[in-house]
Structure formats: C-alpha cells, structure tokens
Amino acid sequence: MRVLVVHAHPVETSFNRSLYLAALGTLRAGGHEVDALDLYAEGFESVLSRAERLSYHDVPGNITPAIRPYVERVRAAEAIVFIHPVWNYGYPAILKGFFDRILVPGVAFDLVDGRLTPILRKRQVVYVTSYGGDRLRTWLMGDPPRRLARRWGWATFGTRLPPKYLALYRMDRRSAPELEAFIDKVRRELGKL
C-alpha cells in the first residue's frame, strides 16, 4: 500500500522525531511504499497567501504550482499517517497550514451550490501524537486535536472507520521505558496496516 507519512515537528532530536522514524521503519518493513514528508525539513510554507485564498474556490486554478506536488502526494496515497505534537490544544501551525493549503476544493471535497461533498477516499488514516498535558486536563478542554482527527479527519479522508488516534499524554513526565513502550505501541498499530 502507498502510505504518506506527514511529520510536523521542527526538532530532529525530539521524541516526536523518534515516532516518525519508527513509523517509517515499521511501514517499510511491512512492505509498504512509503512517502516520507517532513514538513519542516522540506520547508513547507504553511501560510495561506492572499492569492490562494482569492482563488480557493476556482477549481482547478486553486491548485497552484507551489502546492501541486503536495496535492499529488496526497492523491497518490492509499493511507496517510500524521505524526505531530499537540501544542496549545491544537495542531502545530505548519500542519494546520498543510490542511488549509492542500485540502482545497477539488482535492478534498467538491462544493456545488453550497453543498460540500468529500472526494478523498483513503483506506486508512492514523494520527500519532504526544501531549505535554495529562489526559484529564486535555479532556476538560475538549481535546480538540482528537475530536478534529476523529470527526473532521473521518469526513475529509473518507475512510470506512474513523481515523485511529494514538496519543501519549504527559509526555514530558514519562520515563524512558514508558516512552519506548509508546513507540512499540505505534509500531504494533502501524504493523496492522
């Protein structure tokens, strides 16, 4: 299966980077064709420009030369894995910008007479993430990243089941064995793809 792995963390020595490398290794060992997309390493421009917003509904003109390579990668993927931290109860800005700039009309959905129809059809989508906060505090805040992944992600990517959401809470207070146990969990879950 063709799997796009999207990574959104700026520090190459981070725990999040370890998750990314583990995911790539597991998927490749499982015989998948892996497209590794490290948004920071590729210098992805996350800011939606004025021109892009003005042409947002102009299909296919909204797929500019700047975003075309990313659109092609998303379209070619049968499954997508997003690996990112949760900061301030949300996605990193670079990942949110990826969603805003790449998942436009004609790519993620059609918009006809004000009615939105999802058009991406992926076999599976997985989010792998880590939080600094604990699960209770995050739950009290509504856990926006989890809700977006499970609801918006399900509608956007057209999977049969909601996207899988693998989260490690209290990441900064975990012992080395606990961190390694989470990496092993990610390997096991991605091994099922």
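The numbers here are math on the coordinates, done by the rules we state, and not lab data. Note that the structure is a prediction, hence the values are computed from the model and not measured. Ideal geometry is used to build each Cβ from the backbone, glycine not excepted, and the neighbour counts take in all protein chains shown.
Some values worked out for this structure:
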{"quantity": "Trypsin sites (Lys or Arg not before Pro) within region 83-178, DSSP loop, no more than 12 other Cβ atoms inside 10 Å", "calculated": "121, 160"}
{"quantity": "Rg over Rh, two decimals, region 94-193 (C-alpha only, Kirkwood Rh)", "calculated": "1.04"}
{"quantity": "Label-point gap, in nm, between residue 64 and residue 180 - each point 7 angstrom along Cα→Cβ", "calculated": "4.7 nm"}
{"quantity": "For region 2-191, size of Cβ-based charge dipole, Lys and Arg +1, Asp and Glu -1, in debye", "calculated": "620 debye"}
{"quantity": "Part-to-part distance (alpha-carbon centres) for region 1-73 and region 76-98, which is given in Å", "calculated": "9 Å"}
{"quantity": "Where a label projected 7 Å from the Cα of residue 137 along Cα→Cβ would reach, residues of region 66-98 with amide N under 18 Å", "calculated": "85-92"}
{"quantity": "Qualifying chymotrypsin sites (Phe, Trp or Tyr not before Pro) in region 27-57, DSSP loop, other Cβ atoms within 10 Å at most 10", "calculated": "none"}
{"quantity": "Quotient of Cα Rg and 2.2 N^0.38 Å for the chain, N being how many residues it contains", "calculated": "1.02"}
{"quantity": "Rg [Å, one decimal], Dmax [Å, integer] - region 85-133, C-alpha atoms", "calculated": "14.0, 43"}
{"quantity": "Per-pair calculated FRET efficiency, R0 = 25 Å: residue 41 and residue 1 via Cβ, rounded to 0.05", "calculated": "0.60"}
{"quantity": "Nearby aspartates and glutamates by direct alpha-carbon distance to residue 96 (threshold 19 angstrom, same-chain neighbours under 8 apart not counted)", "calculated": "38, 42, 45, 52, 72, 143"}
{"quantity": "Cβ crowding within 10 Å averaged over residues, with 86-93, 58-65 ranked highest first", "calculated": "86-93, 58-65"}
{"quantity": "Value at 222 nm in deg cm²/dmol, rounded to 500, when DSSP H runs of n ≥ 4 in the chain each add -39,500 (n - 2.57)", "calculated": "-10000 deg cm²/dmol"}
{"quantity": "Extension gain (nm, one decimal) between residue 50 and residue 13, 0.36 nm per residue minus Cα-Cα", "calculated": "9.9 nm"}
